[in-house]
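Asks: Got a structure for you, questions after.
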Amino acid sequence: MNEFAKVERQEGTNSAPESLHPFSGTAPRFFVFGPAPHGFDREQLQASLHAPYDAIILNRPVGAAEFEDAVAAAADPALPVADLAGNTHLRRDFTGDALDPGCPDAVLKHFSPIWKRLAAFPYRSPDMGAEEMLILRLAYSRAAPISAVLDPAARGLVRYPLLGARADLRGELENLAEYGLLRRSHFMRTHGCRKCDSARLHAYEACPSCGSSDLQDEAIVHHYRCGGQEAESHFTSGHRLICPKCHEELRHYGVDYDKPGHVVSCRACGAANSEPDPAFICLDCAAVTASGDLSQKDWYHYDLTEEGLQALQTNHLPLLDIAAYVNGRSRVFSLRDFLLLVSEGMRIMRRFERPFALGRIAISNLEELRETRSVTEISLAFRQAVDTILDGMHDCDFVGADGAAAILIGFPETTAAQAEIALARLRAKVAEAVPLSFAIETSADEGENILDFLVRKENELADE
């Protein structure tokens, strides 16, 4: 149970600053972790995730999982967060002291512009890319870049305070940057363990022969008379220097011998080398990785672009991937299941001598369009094209995605010639319905050509 729920309401009235919420024109409501903070109107505080709230107050240490539960239960997952208990690992917009009498005023002053910017784009659950859309919403509502910082507690050594503890969102950030919705600026390159990819590494010098770190720097001694040259420890005999080659005692520096350089000697195996090898031991899994085997990862700061703002306005993530638009639709199957259905169609064709055709529709000019059109504009047209294709199919046809820009269609009881006619009809419908000039390529096969296709695709799946 939330600790605030255990706190009995005290007598008297707490004076809270007057502030109206831009969404509703009423006083904002706060979900509170921990005891009720001083100075807030208790009518605005609540402990239930089932009642509506506009912001979160952290008044005790809060775990990442329970924080994410509270965010997920909110009407808007980008709602602002006030931290009064030092929860440095969580997303937070305001930090303060719960005993500070000015804290309520400061919270409302800090949250007011965030609420106003969120109100500009009322939250609607996106049909795809929820994590990416939340990232864009956070960047816009805070009017701030998504900045990276070094954090020794993070396995990757880098985190994004605006995103909280979610280090696994780096992939989503990069996807948004690839689509032009965020603009990158370089922050840091980290190196990772070959075993677990953690960037928390300790660097040390290792013996090239045995890998030990038990090394010592020694002077090289050169005996003029016999030309013997070894590490100084090989000459040392008590307090004297004895040449290990001719066994003559060396008495006078500059007359009998000199020291032309230094060498690194390993106490573990006795090997001497001019330079040790850099090595890295992982602080998380203890695996040792040579410098040449380290993985590399570039980290960036990110700024919202105009196209990112457009994606927020339309509540549409511009994904140029057919799978994102067909998955979950009726008669649409994963590639693996699609191949099984094709195999069954071929079995029926051979056993009962019934026709079966395999069609393919591909959009081939997406990259060219990106040079002149915004990715959001292309994506909306791309989705419209996919919808047009799926709506124009017969009930017995079935579909699978083939890469990012192609659809496979199984045509039961259909010859290749008939399938070509159906594909031409779909191509014409797309050209009529979609405002952009997509270059659409179609093909249809039957018989042995389908068998060759099955073998090729099954090999591709086996290699994944």
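The values are calculated or read from the model by the stated rules, or taken from the named source; none is laboratory data. Only a predicted model underlies this, so the values are computations on that prediction, with no experimental measurement involved. Backbone-built Cβ (ideal geometry, glycine too); neighbour counts: all protein chains shown. What goes into the accessible areas is simple: the full protein's heavy atoms, side chains included, and nothing from ligands, DNA or RNA. Shrake-Rupley method; radii C 1.70, N 1.55, O 1.52, S 1.80 Å.
Asks: Mind checking which pairs have a first residue in the stretch 183-202 that is outside any strand (DSSP E or B) and a second that is open to solvent by 70 Å² or more (accessible area, probe 1.4 Å), Cβ under 6 Å, 6 or more apart or different chains?
Replies: Listed pairs, sorted by first residue: Arg194/Asp293; Ser198/Arg155; Arg200/Leu283.
Asks: Since Ala324 meets every condition but one in (1) at pLDDT below 90; (2) assigned to a loop (DSSP other than H, G, I, E, B), which condition does it not meet?
Replies: Of the numbered conditions (1) at pLDDT below 90; (2) assigned to a loop (DSSP other than H, G, I, E, B), the odd one out for Ala324 is (2).
Asks: Still on this model: Is at least one residue of the stretch 413-432 among the hydroxyl-bearing types (Ser, Thr, Tyr) and surrounded by fewer than 17 Cβ atoms within 10 Å (Cβ to Cβ)?
Replies: Yes.
Asks: Let me ask something else about it. Which residue out of Asp83, Asp100 is among the charged types (D, E, K, R) and open to solvent by less than 50 Å² (accessible area, probe 1.4 Å)?
Replies: Details: Asp100 fails: open to solvent by less than 50 Å² (accessible area, probe 1.4 Å).
Being among the charged types (D, E, K, R) and open to solvent by less than 50 Å² (accessible area, probe 1.4 Å) holds for just one of Asp83, Asp100, which is Asp83.
Asks: In addition: Could you pull out the residue among Glu420, Glu377, Glu432 that is at pLDDT below 90 and either in contact with a Ser or Thr (Cβ under 6 Å, 6 or more places away or on another chain) or not in a strand (DSSP E or B) (or both)?
Replies: Matching residue, one of Glu420, Glu377, Glu432: Glu377.
Asks: Okay, moving on. Report whether or not Phe4 is out of contact with any Gly (no Cβ under 6 Å at 6 or more places or on another chain), modelled with pLDDT under 95, outside any loop (DSSP other than H, G, I, E, B) and farther than 20 Å from Thr88 by Cα.
Replies: Yes; evaluated as a whole, the condition is true for this residue.
Asks: While we're here: Considering only the stretch 54-65, I want to know if a residue exists there that is surrounded by fewer than 13 Cβ atoms within 10 Å (Cβ to Cβ) and either modelled with pLDDT of 95 or more or touching a helix residue (DSSP H, G or I) at 6+ places or on another chain (Cβ under 6 Å) (or both).
Replies: Yes, there is a match, as at least one residue in the stretch 54-65 is surrounded by fewer than 13 Cβ atoms within 10 Å (Cβ to Cβ) and either modelled with pLDDT of 95 or more or touching a helix residue (DSSP H, G or I) at 6+ places or on another chain (Cβ under 6 Å) (or both).
Asks: Scan the stretch 122-137 and tell me whether some residue there is open to solvent by less than 20 Å² (accessible area, probe 1.4 Å), closer than 23 Å to Arg189 by Cβ and of a type outside the set (Ser, Thr, Tyr).
Replies: yes
Asks: Here is a further query. Which one of these does Glu368 not meet: (1) within 17 Å of Ala439 (Cβ to Cβ); (2) surrounded by 15 or more Cβ atoms within 10 Å (Cβ to Cβ)?
Replies: Result: Glu368 fails condition (2) only.
Asks: Are any residues in the stretch 173-182 at pLDDT 90 or above and crowded, with 17+ Cβ neighbours inside 10 Å, and if so, which ones?
Replies: Going through the stretch 173-182, the residues at pLDDT 90 or above turn out to be 173-174, 176-177, 181-182.
If the condition is that a residue be at pLDDT 90 or above and crowded, with 17+ Cβ neighbours inside 10 Å, then Leu173, Leu176, Ala177, Leu181, Leu182 are the ones that fit.
Asks: Would you please name the residue that is modelled with the lowest pLDDT, looking only at residues in the stretch 439-464 that are among the hydrophobic types (A, V, I, L, M, F, W, C) and touching a Leu at 6+ places or on another chain (Cβ under 8 Å)?
Replies: The extreme case among them is Leu461.
Asks: Output the residue which, of all residues in the stretch 265-295 that are among the acidic types (Asp, Glu) and closer than 24 Å to Glu218 by Cβ, is most open to solvent (accessible area, probe 1.4 Å).
Replies: So, considering only residues that are among the acidic types (Asp, Glu) and closer than 24 Å to Glu218 by Cβ, the one most open to solvent (accessible area, probe 1.4 Å) is Glu275.
Asks: Please find, within the stretch 382-401, the residue that is farthest from Arg360 (Cα to Cα) out of those that are among the charged types (D, E, K, R) and surrounded by 17 or more Cβ atoms within 10 Å (Cβ to Cβ).
Replies: Arg383
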